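Novice: Could you have a look at this structure, given as structure tokens, before my questions?
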Amino acid sequence: MGDRAMICEVGPRDGLQMTRTFVSTERKLAWCRAEVAAGIPDIEVTSFVPPHVIPQFADAAAVAAGAKDIPGLRAGALVPNLKGAVLALDAGLARINYVLSASEEHNRSNVRRSTAESLEDFRRIIAERDARGLKGKVAIGSGIATSFGCTIQGHVPEERAPEIAAALVEAGASEIMVADTVGYAGPAQVRRIMAAVLRVVGDVPVSAHFHDTRGLGLANVTAAVEVGIRRFDASLAGLGGCPFAPGATGNINTEDCAFLLERLGLETGIDIDALVRLREEVETWLPGERFSGAVARAGLPKTFRRAA
Ligand code: COA
Ligand code: ZN
């Protein structure tokens, strides 16, 4: 078997958190079903946040419940605090993705507390899961937002991401997602920070979460692949962005990221044409939003063959 890479689709979460139109629960679930059919079983399906903070996720419990009935789907949800984790556990999800920030100021803007307080909350979330007898059944990972720089604070020291990753792993994290929330990262920095994170996490998997705000999203994927990362978050049509980080825009595009990974010789199992058809449908649900992507515009090369 050749080398493999996987994409976690974050469109129904990151992709929808700044869009103006509410997408119905049925459509969110149809989106997930189509992604699974296109070869992407790992999806962040929603976010457990207060509806007054992000109205798009007012139906989080209904989406999580519906996701459990989709064969093959490994559904996860984002949670910003213990309350969100309790709701996600109540909904019966087997994957929870916590989020805190390497930038103190983004952490305060995003979740209204210090990064140290967020780490304490992560420990409480692990304790809550274990108290429910769900250790080994529910995986709890954590994203480290603004690991490469911050639009509020500016510079974020490069040691922050590995320091926080080590603390999260020590606390029981099952996965670490290193995130460039605002598109400040560049390839050389990606190689340094991802390699430093890999050195401290033992055998806990590490994924990268890039935004394409300044056009370096896919270059950063290549850099991360070079140091051994094989898991990437991406969003259909490049939707996405954090409402609590000024100037944030879309994630790297799922279709283009799959194309790149395949061209790097990494098997993804993804049917890129099926994703392009899906994004055409999703586009009709979100009038006025910016849909990006080169493969959708130009089509796959006639000569394209998936990595084997
Ligand atoms: N889901 C639903 N309701 C929640 C909640 C959650 N995760 N967390 C808190 N609440 C409720 C509380 O029960 C309380 O309700 P009440 O007023 O009826 O008693 C209310 O919201 C305020 O709770 P509090 O703990 O004081 O939260 P806060 O106002 O300090 O906000 C967060 C903290 C974390 C909830 C908020 O900053 C947030 O949702 N941040 C997420 C931002 C985000 O999604 N960013 C994009 C992804 S990176
Ligand atoms: Zn993001």
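Novice: Pick from ILE40, ILE7: which is open to solvent by less than 20 Å² (accessible area, probe 1.4 Å), hydrophobic (A, V, I, L, M, F, W, C), over 25 Å from ILE126 (Cβ atoms) and assigned to a loop (DSSP other than H, G, I, E, B)? Don't jump to the end; show me each part of the working.
Specialist: On the way: ILE7 fails: assigned to a loop (DSSP other than H, G, I, E, B).
Matching residue, one of ILE40, ILE7: ILE40.
Novice: Quick check: anything in segment 93-107 within 18 Å of PHE48 (Cα to Cα), within 13 Å of ligand 1 (Cβ to nearest atom) and charged (D, E, K, R)?
Specialist: no
Novice: Starting from segment 227-241, take each residue that is closer than 14 Å to LEU16 by Cβ and part of a strand (DSSP E or B) and list its partners that are among the acidic types (Asp, Glu) and open to solvent by less than 10 Å² (accessible area, probe 1.4 Å), counting only C-beta distances under 6 angstrom and pairs at least six apart or across chains.
Specialist: Filtered contacts from segment 227-241: SER235/ASP14.
Novice: Taking interchain pairs and intrachain pairs at least six residues apart, which have beta carbon atoms under 6 angstrom, with the first residue in segment 110-137 and in contact (Cβ under 8 Å) with a residue 40 or more places away in the chain and among the polar types (S, T, N, Q) and the second part of a helix (DSSP H, G or I) and open to solvent by 20 Å² or more (accessible area, probe 1.4 Å)?
Specialist: Taking only residues 6 or more apart or on different chains, the pairs are THR115/GLU104.
Novice: Additional query: Hey, any hits in segment 55-75 for a residue that's outside any helix (DSSP H, G or I), crowded, with 18+ Cβ neighbours inside 10 Å and touching a residue at least 60 places away in the same chain (Cβ under 8 Å)?
Specialist: No.
Novice: Which residue pairs have Cβ atoms under 7 Å apart, sit 6 or more places apart or on different chains, and have a first residue in segment 254-272 that is closer than 15 Å to ALA234 by Cα and a second that is crowded, with 21+ Cβ neighbours inside 10 Å and of a type in the set (S, T, N, Q)?
Specialist: THR254/SER235; ALA258/THR268; LEU261/THR268; GLU262/THR268
Novice: Filter segment 220-261 down to residues that are charged (D, E, K, R) and open to solvent by 10 Å² or more (accessible area, probe 1.4 Å) and give me whichever is nearest to ligand 2 (Cβ to nearest atom).
Specialist: ASP233
Novice: Within segment 74-86, does at least one residue satisfy the condition of being more than 16 Å from ligand 2 (Cβ to nearest atom), under 15 Å from GLU35 (Cβ atoms) and touching a helix residue (DSSP H, G or I) at 6+ places or on another chain (Cβ under 8 Å)?
Specialist: The answer is yes, given that some residue of segment 74-86 is more than 16 Å from ligand 2 (Cβ to nearest atom), under 15 Å from GLU35 (Cβ atoms) and touching a helix residue (DSSP H, G or I) at 6+ places or on another chain (Cβ under 8 Å).
Novice: Something else: Testing ALA165 on (1) more than 19 Å from ASP14 (Cβ to Cβ); (2) surrounded by fewer than 24 Cβ atoms within 10 Å (Cβ to Cβ), one condition comes back false. Which one is that?
Specialist: ALA165 satisfies all of (1) more than 19 Å from ASP14 (Cβ to Cβ); (2) surrounded by fewer than 24 Cβ atoms within 10 Å (Cβ to Cβ) except (2).
Novice: A follow-up question, please. If you take the residues in segment 43-52 that are of a type outside the set (S, T, N, Q) and surrounded by 15 or more Cβ atoms within 10 Å (Cβ to Cβ), which one is farthest from LYS137 (Cα to Cα)?
Specialist: VAL49
Novice: Which residue is nearest to SER109 (Cα to Cα), if the candidates are limited to segment 120-166 and must be among the β-branched types (Val, Ile, Thr) and in a helix (DSSP H, G or I)? Break it down stepwise before answering.
Specialist: Here is the first cut: in segment 120-166, the residues among the β-branched types (Val, Ile, Thr) are 125-126, 138, 140, 144, 146, 151-152, 156, 164.
Pick out the ones that are also in a helix (DSSP H, G or I) and you get 125-126, 164.
On the way: ILE125: 21, ILE126: 24, ILE164: 18 Å.
Here the answer is ILE164.
Novice: Sticking with this structure for a sec: In segment 168-201, how many residues are assigned to a helix (DSSP H, G or I) and either open to solvent by 10 Å² or more (accessible area, probe 1.4 Å) or within 15 Å of ligand 1 (Cβ to nearest atom) (or both)?
Specialist: Number of matching residues: 13.
Novice: Right, another one. Condition test on GLY217, is it under 15 Å from ALA185 (Cα atoms), within 13 Å of ligand 2 (Cβ to nearest atom) and open to solvent by less than 10 Å² (accessible area, probe 1.4 Å)?
Specialist: Working: under 15 Å from ALA185 (Cα atoms): yes; within 13 Å of ligand 2 (Cβ to nearest atom): yes; open to solvent by less than 10 Å² (accessible area, probe 1.4 Å): yes.
Yes.
Novice: If you don't mind, there's one more thing I want to ask. So which residues in segment 281-300 are assigned to a loop (DSSP other than H, G, I, E, B) and open to solvent by 50 Å² or more (accessible area, probe 1.4 Å), if there are any at all? If you could, list the steps in order and put the result at the bottom.
Specialist: Taking segment 281-300 and keeping what is assigned to a loop (DSSP other than H, G, I, E, B), we get 286-293, 299-300.
Scanning segment 281-300 gives PRO287, GLY288, ARG290.
The values are calculated or read from the model by the stated rules, or taken from the named source; none is laboratory data. Not measured: the values here are computed from a predicted model. Neighbour counts run over all protein chains shown; Cβ positions are idealised from the backbone, glycine included. In case anyone asks, the SASA skips ligands and DNA or RNA and just uses the protein heavy atoms, side chains included. Shrake-Rupley method; radii C 1.70, N 1.55, O 1.52, S 1.80 Å.
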